[in-house]
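Where a number appears in this text, it was derived from the coordinates with a stated rule and is not lab data. Predicted, not measured: the structure shown is a model, and the values here were computed from it. Please note: Cβ atoms are built from the backbone with ideal geometry, for glycine as well, and neighbour counts cover all protein chains shown.
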Amino acid sequence: MVTPPPTTALQNLPGFQELCSLVSTPIGGLNELELSLKKCEVHLTPSIVVEVVNHCKEEASTRRLLRFFTWSCKSLGSALGDKDFNHAIRVFAEKKDHRAVDILLADLRKDQRVLEAQTFGTVAELFVKMGREDDALGIFKNLDLFKCAQDRMTVTAIVNALCAKGHARGAEGVVYHHKDKISGAESCVYRSILYGWSVQGNVKETRRLLQEMKSRKITLDLYCFNTYLRCLCEYKLKKNPSGLVPEALNVFMEMKTYKITPNSISYNVLLSCLGRTRRVKESLRIFDSMRKSGCAPDWVTYYLLIRVLYLTGRFGKGNQILELMAEDGLEPPAKFYHDLIGVLCGVERVNYALELFGRMKKSSADNYGPVYDVLIPKFYKCGEFEKGKELWDEAERMGIALQCSRDVLDPSITEVFPPKRKEHSLKVKDTSMLNTRITKGNRLLQIAKKPKFRNKRRQKKKKPKKKAAST
């Protein structure tokens, strides 16, 4: 058996680089490309075709890549194996070119090639993402035309693809008609359907599926309860935010009956919903109960709690939680600082943001560029030009390429927003009130007079006067 040459050996073959440049260049039409390929002096083999597709899939346009592959199929004929054909379909599916996938699937069926189960899963996922779930189901129902079996792998693939976008009812229909083919994969299939119902936000169906899994003796694990908890909390956030904590605690109690301990993800789901509805006291109580239960908070937990404290103006308490995170020995990533600095700038607390940036520099986090891009324009718009110029020079010394324009350093260009003054004026709620101005000494007073309302029922109509008789 002859082993195929390694990738480096293929790229060193004469004419390979010329072939790649023809496919990658955007100059010329598709017909010109095909004529140039015919003139290219290279011994075409299936390995070279696959290597060119892999080498040019990021640089070349999908149309030029598709024309090269179809030309190669005509040139090689049956020498191009089904495995290589399936690999090309997966490449175009990963590039989200559903039109190219349609063309290649038609060619595969016409040439009576075999569609691999892995390729079907990739195609089904692409079609469902593009809103073509009916086409994905159509291919699944006619897999025999593609010489692909409806087995456990293909059933699981179509169920996962449908449930990823919330088509749980269609996935349940597939499972109902192929119960005998999912033996050994029931847990994976039902977990996917559970996720599909949670994507829809259907608490009732999610709960029903949990009970069905229990009746079928499928093990309910932490993932199942966290999925149900996320669906329940999202529903309560929209309908009844005051019921978030009681309902979530009931789920935690139910988890303990199955000897499952809630983890940081479970608490983060609840804290995220509480933060979105600005329930600070309940967030702090949940955080305390989390630590008392022995569940160690992660950096996401601290981020959710500090964020809601900053948004509600509790900057001192937020800094205390930040110190507590440092005491626990947690080193959050750069995203933690980026988002919180953005929150502080959004609530016009630039000095607190600068303090948090100093803490970020002392930690192991890197990628300071986005922070400079936010802070420098913010300081200039607040009128603190010296601090903004200092940050700009500091970024240049560190060799950071800033995305913000240098024009922000020019006070004649950057618009400065001074702090707003509270205007003490008399606000008149009723537009029907009459305003009169009275001068008293050197002061101008504005007095609002209420209109006189008369009771129309008690008001008596005046009788018309009788005209005097003419003499």
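Too long at a 28 Å Cα-Cα cut-off: which of K129/K179; K95/K238; K317/K361; K259/K292; K57/K179; K39/K147? Walk me through the numbers on the way to the answer.
On the way: K129/K179 25 Å; K95/K238 36 Å; K317/K361 22 Å; K259/K292 18 Å; K57/K179 39 Å; K39/K147 36 Å.
Check vs 28 Å cut-off fails for K95/K238; K57/K179; K39/K147.
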Margin query: Could you check the spin-label model distance between K389 and S187? Points 7 Å from the Cα along Cα→Cβ, value in nm.
Written below: 6.6 nm
Check: By count of other Cβ within 10 Å, fewest leading, how are S78, S272, S187 ordered?
Finding: S78, S187, S272
Checklist line | 14 Å Cα-Cα reach of K239 towards aspartates and glutamates, excluding residues that sit fewer than 8 places from it in its own chain | finding: E247
Next item on the list: Rank the residues L35, L66 as a footprinting-exposure proxy: fewest other Cβ atoms within 10 Å of their Cβ go first.
Entry: L35, L66
Item checked: Cα→Cβ-extended label distance, 7 Å offset, between Y258 and K317, nm -> 3.4 nm
Check: Quick one: Cα centre-to-centre distance for the stretch 313-338 and the stretch 119-170, in angstrom?
Finding: 45 Å
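What pairs in K165/K204; K38/K74; K96/K165; K165/K256 have C-alpha atoms more than 22 Å from each other?
Values: K165/K204 18 Å; K38/K74 12 Å; K96/K165 16 Å; K165/K256 31 Å.
Checking Cα-Cα distances, K165/K256 exceed 22 Å.
Determine the sum of side-chain charges near E254: Lys and Arg each +1, Asp and Glu each -1, restricted to other residues whose C-beta is under 13 angstrom from that of E254.
Details: positive: R207, K214, K256, K259; negative: E247.
Here the count lands on +3.
Using a/c under 1.5 as the rounded threshold, could you call the stretch 105-256 rounded, prolate or oblate? The axes a ≥ b ≥ c are square roots of the C-alpha gyration tensor eigenvalues, and prolate needs a/b larger than b/c, oblate otherwise. Don't jump to the answer; show the numbers that get you there.
Working: a/c = 3.49, a/b = 2.08, b/c = 1.67.
Prolate, because a/c is 1.5 or more and a/b exceeds b/c.
At a 10 angstrom cut-off on C-beta neighbours, averaged per residue, how do the peptides 311-321, 116-126, 90-100 rank from highest to lowest? Spell out each step's value before the answer.
Numbers: 311-321: 15.8, 116-126: 21.5, 90-100: 17.6.
The most tightly packed comes first, giving 116-126, 90-100, 311-321.
Which of the three applies to the stretch 150-219, rounded, prolate or oblate, going by the alpha-carbon gyration tensor with a ≥ b ≥ c and a/c under 1.5 meaning rounded? Don't jump to the answer; show the numbers that get you there.
Numbers: a/c = 2.06, a/b = 1.23, b/c = 1.68.
Cα axes put the stretch 150-219 in the oblate bin.
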Check: Between Q118 and A326, what is the label-to-label distance in nm when each label sits 7 Å out along the Cα-to-Cβ direction?
Finding: 4.9 nm
